[in-house]
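Accompanying notes for the structure given below.
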Amino acid sequence: MRIDSILIREVHMELRERFEISSGAMHARRVILIEISGDGHTGWGECVASASPGYSYETTDTAWHVISDFLAPVVAGSEVEDARDLLEPVSWVRGHLMAKAGLEMAAWDLEARRRGQSLRDLVGGSAPTVPVGVSIGLQATDEALHEKVRQHVSEGYRKIKIKIKPGRDVGMLSELRRSFPGTPFMADANSAYTLEDADHLKQLDALDLMMVEQPLSYDDLRDHAELQRHLATPVCLDESIRSVADAQLALELGSGRVINIKPGRVGGLASAKAIHDLCIAHDIPVWCGGMLETGIGRAHNLALASLPGFSIPGDISASRRYWERDIVTPEFDIEDGFMAVPDGVGIGVEPDLELINTLTARTGSFEA
Ligand code: OSB
Ligand code: MG
């Protein structure tokens, strides 16, 4: 198939509530949406980079730069067999996996539409619904946190992830465990600790957490292995895993016992699937993480999460947990702790162009 054109746009969306993690707080997202057209069809993708480089070195602006100056001009007009070789001609571009993933995922949607198939079927998923969880940002007080937890437990979420940082960790989680004895909790530190905190973090072992996510540095695997040897609580890797090679190394070193796979972080769905396959072969459970995506990114995440190795509820929450109004119809919702994986053609939800246009701050267009 020939790629006829690529349209990128930056869309500004306000979060319904401020989301704070150990590296900073977010009130809104500056999202890049990507449309790739060919053969009379258009596929949609979303770039997960944030406005500031607190989670990854990539930002909305670096992704815009890399897509519009290096990736899209080459890909537009190229001939591709399928989504997997879309980025072959720009394989010389190092890193910038979030920028690449936005394009790659749009190509998967395009390919699914060309075949008249759902994205779920095209990626090889099967589950019609997947169990889902919610990620709760740092709250100003324990009372506010307990209230949020109460709300999300009553909505049915199957995993409650609590953001932690030094000073808001063991004590806060102990109180939470006391108030919610049977709730499936995990913690996410977003790299807020060092190995010197190993004994402090060891106290988490008394709290019956499903796992502790990315306690140490964002690109470290060695210290995570040492910490995992010290902890009974499983360590889950997020920021540290950007490729199959990273996952392979993490498994060899014993850097963790669980992996959070975000297609937008690892360069797209092909890489996400390959990490999933590797983890299955090594009996490592995986789950699908999130980056506060719009409905477009969420649809891609759900298709991925329908693969058999995704045995732990993902950070895939209802549209209303993020947005006053999502940019797809229908919006995403949960029922009894599960979310339906769209089974319509492509991503299976309809981008709301009228709304998207009102939110668009800039566009870029690339033709053959
Ligand atoms: O570490 O998983 C993370 C959001 C932005 C940046 C990093 C993370 C997160 C989340 C949100 O935890 C998960 C979601 O999309 O609901
Ligand atoms: Mg995380």
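Over the residues of the chain, the helix contribution to mean residue ellipticity at 222 nm works out to -9000 deg cm²/dmol, using -39500 (n - 2.57) for each DSSP H run of at least 4. In this simple spin-label model, placing a label point 7 Å from the Cα along the Cα-to-Cβ direction at both Asp39 and His282 gives a separation of 3.5 nm. Rounded to the nearest 10 degrees, the inclination of helix 142-155 to the longest alpha-carbon principal axis of the chain is 60 degrees. Go ahead and run the numbers for FRET between Glu196 and Val74, Cβ-Cβ distance against an R0 of 45 Å, rounding to 0.05. The value I calculate is 0.45. For the chain, the per residue solvent-accessible surface stands at 39 Å², with DNA, RNA and ligands left out and a 1.4 Å probe.
Charge dipole (Cα centre; +1 on Lys/Arg Cβ, -1 on Asp/Glu Cβ; no other charges) of region 176-216 amounts to roughly 220 debye.
Between Asn357 and Ser52, the FRET efficiency estimated from the beta carbon spacing at R0 = 22 angstrom works out to 0.25. Each Lys and Arg contributes +1 and each Asp and Glu -1, all at the Cβ; summed about the Cα centre of region 247-368, the dipole is approximately 440 debye. The gain in end-to-end length when the Ser243 to Asp219 segment is fully stretched comes to 7.4 nm, 0.36 nm per residue minus the alpha carbon separation.
Report the longest stretch of the chain that contains none of the chymotrypsin sites (Phe, Trp or Tyr not before Pro) sitting in a DSSP loop with at most 14 other Cβ atoms within 10 Å. In short, 93-368. Straight-line reach from Lys100: taking Cα to Cα under 18 Å and skipping same-chain neighbours fewer than 8 places apart, the lysines in range are Lys262, Lys273. In this rough spin-label picture, where each label sits 7 Å from Cα along the Cβ direction, the Asp208-Glu252 distance is 3.9 nm.
Cα centroid separation, region 209-252 to region 26-89: 28 Å. In sequence order, region 336-343 has phi-based couplings of 6, x, 10, 10, 6, 8, x, 10 Hz under the Karplus curve 6.51 cos²θ - 1.76 cosθ + 1.60, θ = phi - 60°, and Gly or Pro positions carry x. Return the whole-Å distance between the Cα centroid of region 173-190 and the Cα centroid of region 257-301. Spelled out, the Cα-based centre of one part sits 24 Å from the other. To test your reading of the geometry: what angle, between 0 and 90 degrees and rounded to tens, separates the Cα axis of helix 295-305 from the longest principal axis of the chain? With rounding to tens, the tilt is 70 degrees. Each of Thr233, Val341, Gly290 was scored by the projection of its Cα onto the charge dipole of the chain, and the greatest displacement toward the positive side belongs to Thr233; charges sit on the C-beta of Lys, Arg, Asp and Glu. Over the chain, the Kirkwood radius and the radius of gyration, each from Cα atoms, give a ratio Rg/Rh of 0.96.
Relative to the longest principal axis of the Cα atoms of the chain, helix 170-179 runs at roughly 90 degrees. Shown in residue order for region 221-227 are the 3J(HN,Hα) couplings computed by the Karplus curve 6.51 cos²θ - 1.76 cosθ + 1.60 at θ = phi - 60°: 10, 5, 5, 4, 5, 5, 5 Hz (x for Gly and Pro). Dipole magnitude for the chain: computed about the Cα centre from +1 point charges on Lys and Arg Cβ and -1 point charges on Asp and Glu Cβ, it is near 420 debye. Label separation (Glu147 vs Arg177): 2.6 nm, computed from points 7 Å beyond Cα along the C-beta direction. Using the Cβ-Cβ distance between Glu81 and Glu367 with R0 set to 30 Å, the FRET efficiency works out to roughly 0.90.
The values are calculated or read from the model by the stated rules, or taken from the named source; none is laboratory data. Small disclaimer: the values here were computed from a predicted structure and weren't measured. Glycine also receives a Cβ, built like all others from the backbone with ideal geometry; neighbour counts cover every protein chain displayed. Ligands, DNA and RNA are excluded from the accessible area calculation, which covers all protein heavy atoms including side chains. Shrake-Rupley method; radii C 1.70, N 1.55, O 1.52, S 1.80 Å.
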